[in-house]
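S.K.: What follows is a structure written as structure tokens; I'll ask about it next.
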């Protein structure tokens, strides 16, 4: 596996299992960015209740998350979510599609719950861009999604592009350095001929990019960085491409962190290998123990070294 | 932000159990296997791949650090050219740290989909080497199993690579004891007891006093799940049931029979008589299908239904090397422990692992053990000339619903207690003290 997938594995495997064999269930689990899930069967074995808590829900609702979820899941969405959670779906195993590809797709779409909720502001920005494009000029409103405690995504539509800005905070010194190298590399990588069509990426450390400089409450410290993606209409004109773009962009932060951790592990394995090699050299360099010849005094007694 | 639930990771030799605290079952159980690029046979002959020329161009970078699979996917990719499968844990000890680190990476990010920086972790470690004494003084019956350096390395990986918030390394046997608190027969939450842990490869009998393992009296029994399957296979072959079954499926079917039809009887002779009198009532039929040709076959399941688990109690019917029955071993283990904890050990015998799940297993063990104990008490009463008489010793074996993943469940239970967070080693403490912090071990959660 090289890329992280947008859907949640636990939802996928649990649902697939419950379809074949319904049984009562009560599990809680998480997803990236502090999302909490609760999957349970409160009434009967064949009706699963899946609830999600996401910390930026209020912002998402403002940007149309309800509509997106309604579109994706229709009647499954509950009007009154479970207490402590933001959104609840009821999946009735009896009325679900028959076994086969259709069911797999259904399960997969449920596993994408978090992705779909977060997709709302992006979709909004894409439609806004269309409007502005026909108008010929102008800029959309700056949407901010505070999806983590210290980090946020800013999205702004313009007449010819959609700009997505991530603020990233690294709690750890080493991670920060890795992150910096990575993100700079990211900017460089675009020069490769094979990925010329990729969105343009800009990276700034400490200073926020001009687009969001006026936003109040931005932190000014060494450990903060800003990654800017510039999406052109070709990245979201076609609906499938747009969906792919959204999935990838949403996972950007998690993927970055995953990759940093992977490369740390990779470096450590190189270091372990090197240490083992050096140890071999050192072991070879050991002087052979001097073979002790028995020494005797004149009278014939042996000498013992203590 | 409210705290996200801690992650419980039990990496065993064969299977890893991972999930979130507060749940009753692990979210994932998959083989501890990893498929990486390059042959598995000689993992580090030339070390990990090195980019040919160091440069600053992104074009020179590969994706070696991301290119691997774990768990079921690893086994599925075993045949893919270019990949080799390896098992990073051997005999309960981490053998290859490079692979293990990568294995954890994908467990956390791909399967659990958690950001490790937001979570506390509870890891499970083998029971050996966990006496309350400092580790270098602990008495061990086993050769060097799981030295503290391994724990330190684990802590290094978790704190430095993953930047986790806090870590608690728990002992298998203690978690199995904690899991038994879910049984309604347990009244006080104690961490004193004897754990019988039987998985696929080996069965351990571990005495535990107030959360500390009495390392000097641990015993291992070379009879476990794999032997049971083999024994069922032998019996069925002898009876000629297996002639219709394709050879490659035979062991699998023996395993299925073992899981679905077997139980522990109270008296073999009676049981044989019962079966002979009314074979149609007791014999079961197992239907299978050849995986390639699709040909149907069926086998009769007979005496092996009660004979298979019997090898714990009468090992001579299976092997000629190992002849001590399980109740005797348990009694020996408890007698080998300090005298002041023996009562507690007899009173709280806890089962854990898949091979202890047979029906009536607990009752039979309890009965046999009680007999041994009573006989000894009688003998000592006689030898004292009937002057002193013991008030009797309570023997109790506790079976519960969560036996199969008892260790994981115990972890889930402990990690959802509020004391868990204060018993964890936090990142700040780690930064202050260094890896040696995990040599300290704190018990929590008991009622006392």
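S.K.: Between residue B:391 and residue A:211, what is the label-point separation in nm under the 7 Å Cα-to-beta-carbon projection?
M.R.: That separation, rounded to one decimal, is 7.8 nm.
S.K.: Using only helices, what value at 222 nm comes out for chain B when you add -39,500 (n - 2.57) per DSSP H run of length 4 or more and divide by the total residues, to the nearest 500 deg cm²/dmol?
M.R.: Value at 222 nm, helices only, nearest 500: -9000 deg cm²/dmol.
S.K.: Taking 7 Å along the Cα-to-C-beta vector as the label spot, tell me the residue A:133-residue A:194 distance in nanometres, rounded to one decimal.
M.R.: Rounded to a tenth, the inter-label distance reads 2.9 nm.
S.K.: Can you give me the distance in nm between label points at residue B:428 and residue B:93, each placed 7 Å from the Cα along the Cα-to-Cβ direction?
M.R.: 3.7 nm
S.K.: Diagonalise the Cα gyration tensor of region A:9-116 and give the resulting equivalent ellipsoid semi-axes, square root of 5 times each eigenvalue, largest first, whole Å.
M.R.: 22, 15, 13
S.K.: On a 0 to 90° scale, report how tilted helix A:9-20 is relative to the longest principal axis of chain A, with both axes built from alpha carbons and the result rounded to the nearest 10.
M.R.: The angle comes out near 70 degrees.
S.K.: With each run of n ≥ 4 DSSP H residues scored as -39500 (n - 2.57), what mean residue ellipticity at 222 nm is computed for chain A after dividing by its residue count and rounding to the nearest 500 deg cm²/dmol?
M.R.: So the helix-based figure for chain A works out to -13000 deg cm²/dmol.
S.K.: Let me know the mean shielding of A:23-30 by other chains, meaning the per-residue number of their Cβ atoms within 10 Å of its Cβ.
M.R.: 5
S.K.: Still on this structure: Counting DSSP beta bridges with both partners in the protein assembly as shown, what percentage is antiparallel, nearest 5?
M.R.: 85 percent
S.K.: Report, as an integer, the average count of C-beta atoms from other chains found within 10 Å of each Cβ along B:251-261.
M.R.: Partner Cβ neighbours, averaged per residue: 0.
S.K.: Angle check, please: helix A:113-135 long axis (alpha carbons) against the longest principal axis of chain A (alpha carbons), in degrees 0 to 90, nearest 10.
M.R.: 60 degrees
S.K.: Suppose we keep just the DSSP beta bridges with both residues in chain B; what percent of those would be antiparallel, to 5?
M.R.: Looking only at bridges with both residues in chain B, the antiparallel portion is about 70 percent.
S.K.: While we're looking at this one, here's another question. Fewest first, what order do A:94, B:227, B:249 take by the number of other Cβ atoms within 10 Å?
M.R.: Least crowded to most crowded, the residues run A:94, B:249, B:227.
S.K.: Restricting to Cα pairs below 8 Å that are 6+ residues apart, what does the relative contact order work out to for region A:119-262? Please round to a whole percent.
M.R.: 22 percent
S.K.: Turning to a different aspect of this structure: Evaluate peptide A:269-282: per residue, the Cβ atoms of other protein chains within 10 Å of its Cβ; return the mean as an integer.
M.R.: Mean shielding count: 3.
S.K.: Assign one of three labels to region A:135-251, namely rounded, prolate or oblate, based on the Cα gyration tensor with a ≥ b ≥ c the square roots of its eigenvalues; rounded applies when a/c is under 1.5, prolate when it is not and a/b is larger than b/c, and oblate otherwise.
M.R.: In terms of gyration-tensor shape, oblate.
S.K.: Tell me whether chain B comes out rounded, prolate or oblate; compute the Cα gyration tensor, take square roots of the eigenvalues as a ≥ b ≥ c, and use a/c under 1.5 as the rounded threshold.
M.R.: Oblate, since a/c reaches 1.5 and b/c is not below a/b.
S.K.: With contacts defined as alpha carbon pairs under 8 Å and 6 or more residues apart, what's the relative contact order of region A:9-116 in percent?
M.R.: RCO, region A:9-116: 27 percent.
S.K.: Does anyone have the angle between helix A:252-284 and the longest principal axis of chain A? Alpha-carbon axes, 0 to 90°, nearest 10?
M.R.: The answer is roughly 10 degrees.
S.K.: Going by how many other beta carbons lie within 10 Å of each one, how would you line up B:219, A:286, fewest first?
M.R.: Result, fewest neighbours first: A:286, B:219.
S.K.: Where does each of B:396, B:276, B:65 land when they are ranked from fewest to most other beta-carbon atoms within 10 angstrom?
M.R.: Going from sparsest to densest Cβ surroundings: B:276, B:396, B:65.
S.K.: What FRET efficiency, computed as 1/(1 + (r/R0)^6) with R0 = 30 Å and r the Cβ-Cβ distance, is obtained for residue A:289 and residue B:149, rounded to the nearest 0.05?
M.R.: FRET efficiency, residue A:289 to residue B:149: 0.65.
None of the figures in this text is laboratory data; all of them are computed from the coordinates on show. Because the structure is predicted, anything quoted here is derived from the model rather than measured. Here the Cβ is made from the backbone with ideal geometry for all residues, glycine too, and neighbour counts use every protein chain on show.
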